[in-house]
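Taken together, the values in this text are just the output of simple stated rules run on the coordinates, not laboratory data. This structure is a prediction, so every number in the text was calculated from the model and none was measured. Neighbour counts are summed over all protein chains in view; Cβ atoms, including those assigned to glycine, are modelled from backbone coordinates with ideal geometry.
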Amino acid sequence: MENIKQNNIIGTEVKKTLVIFPVLFGFFVMGFVDVVGIATNYIKEDFALSDILANLLPMMVFLWFAICAIPAGLLMGRIGRRNTVLVSMAITAIAMLLPICSYEFVCLLIAFTLLGIGNTLLQVSLNPMVAGIVRGELLVSILTLGQFIKAVSSFLGPILAGVAAIYCGSWKLIFIVYMIATLLSMAWLLFAVPSDHSEEKKTTLRSVWNLFSEHTILILFIGILAVVGIDVGLNTAIPKFLMERTGISLTEAGLGISLYFAARTIGTFIGAVLLVKISSRVFMIACMGVATASFVFLLFARELWLLSVLIILIGLACSNAFSIIFSYALRYLPERSNEISALMIMGVSGGALVMPIMGWLSDSFGQVIGLLPLLCCIFYLGYISLKMKPVK
């Protein structure tokens, strides 16, 4: 009898372990949102757009993180985490289909709007879904692994677009690859992960907005805006900057984005190891020092090899800023983790705020001046690292 019970327990644990794989693949789909960086450069060239007009595309993606984060939390409370993830992937698949059916600028704006909405739903629901499967210290490792998988997806995007452009004659074929991957992920989740309904206290608009009365949470929220602004800004600006400085083609310059995301991917694992022994405050102060110095040198460098090294250093230095700020906010007010999670996801809209400013500065004063808002973001993250105090 005891053997039967033990076998049942083992079987249950094995099922839980297997369930995590389709959930982790969801992080790969989450990384599809970063296709907006290389896509913006190709679309700008195809339609002869100004920087301001071209930057509407990433704005259409990240604006929805501010609008849809709380509604996504409410939806998750109604239909459960798994079903919310499935809805998000359905929206993402439709977003990938639209550019294939009609390659027009208006259609592209609609597609990236849907991509933003779908990704917001995915980010709000996928992390709690992991938390519902994995407990204790293992949760931190699994979430870090999820961020690594997302970074791999972001890293592969410009490479796939370049390969499609060179060998298949059209970079737009990347949308077909992404749509198929999204549909496969949906099918895997549907058949491998049971439906669920969250028993946690529901998040409301008022409960989230009340957090702004906490000065520390407000500072951290702006920090999330800055982190995402850096990611989205460099994702879009690196190819244009490299082309202007070195004269290389867009296809070659697009690989600079992959270089940045490769550095972020490596930096995620380096941070996971070092943060076990080093306090997050000391680690972030050091990283922001490296990021500031590297970014300043980037503005003046002209050799491709040096620019590549500096892009790698910036990617490494900024790779853990999001997770450090997010975890610090959760530890600061652990009893309000639901509201804080929704608020921090709203902060992903930072990409929408930074891009129009960069576009206007680039059109008016050149690519170097257009990068200065990102340097301001790095300065602000350095300020946050200095303000951090030990929390339990």
Subject >> Simple spin-label estimate for E335 and I369 in nanometres, 7 Å along Cα-Cβ >> reply: 5.1
Original post:
So what is the calculated 222 nm ellipticity per residue for the chain, using -39500 (n - 2.57) for each DSSP H run with n of 4 or more, over all residues, to the nearest 500 deg cm²/dmol?
Top reply: -28000 deg cm²/dmol
Original post:
Using alpha carbons only, how many degrees (0 to 90, rounded to 10) separate the axis of helix 215-246 from the longest principal axis of the chain?
Top reply: 40
**OP:** With r as the distance between the Cβ atoms of V106 and Y167 and R0 = 45 Å, compute the FRET efficiency 1/(1 + (r/R0)^6) and round to 0.05.
**Re:** 0.95
Subject >> In segment 251-297, trypsin sites (Lys or Arg not before Pro) in a DSSP loop with at most 10 other beta-carbon atoms within 10 Å >> reply: K277
Subject >> Charge tally in the Cβ shell below 12 Å around G31, where Lys, Arg are +1 and Asp, Glu are -1, G31 excluded >> reply: 0
Subject >> Pairs beyond 29 Å (Cα-Cα), from K240/K389; K44/K387; K150/K277; K240/K387 >> reply: K240/K389; K44/K387; K240/K387
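Contact order normalised by length for the chain, with contacts defined as Cα pairs under 8 Å and 6 or more residues apart; what percent is it?
Reported as a whole number, the value is 25 percent.
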Original post:
Under a plain spin-label model, where a point goes 7 Å from the Cα along Cα-to-Cβ, how far apart in nm are V152 and D46?
Top reply: 2.8
**OP:** Starting from the Cα-Cα distance between W188 and V273, subtract it from 0.36 nm times their residue separation and give me the gain in nm to one decimal.
**Re:** 27.5 nm
**OP:** Could you list L307, L372 in order of exposure, starting from the residue whose Cβ has the fewest other Cβ atoms within 10 Å?
**Re:** L372, L307
Original post:
Taking only Cα atoms, what is the 0 to 90° angle, nearest 10, from helix 56-79's long axis to the longest principal axis of the chain?
Top reply: 10
**OP:** Return K387, K150 ranked ascending by Cβ neighbour count within 10 Å, so the fewest neighbours appear first.
**Re:** K387, K150
Original post:
Which label belongs to the value computed from this structure, given these candidates for semi-axes √(5λ) of the Cα gyration tensor in Å: (i) 38, 22, 19; (ii) 33, 22, 20; (iii) 33, 26, 20?
Top reply: (iii)
Original post:
Tell me, M355, M89 in order of fewest to most beta-carbon neighbours within 10 Å?
Top reply: M89, M355
Subject >> Rounded tilt (10° steps) of 337-346 against the dominant C-alpha axis of the chain >> reply: 20
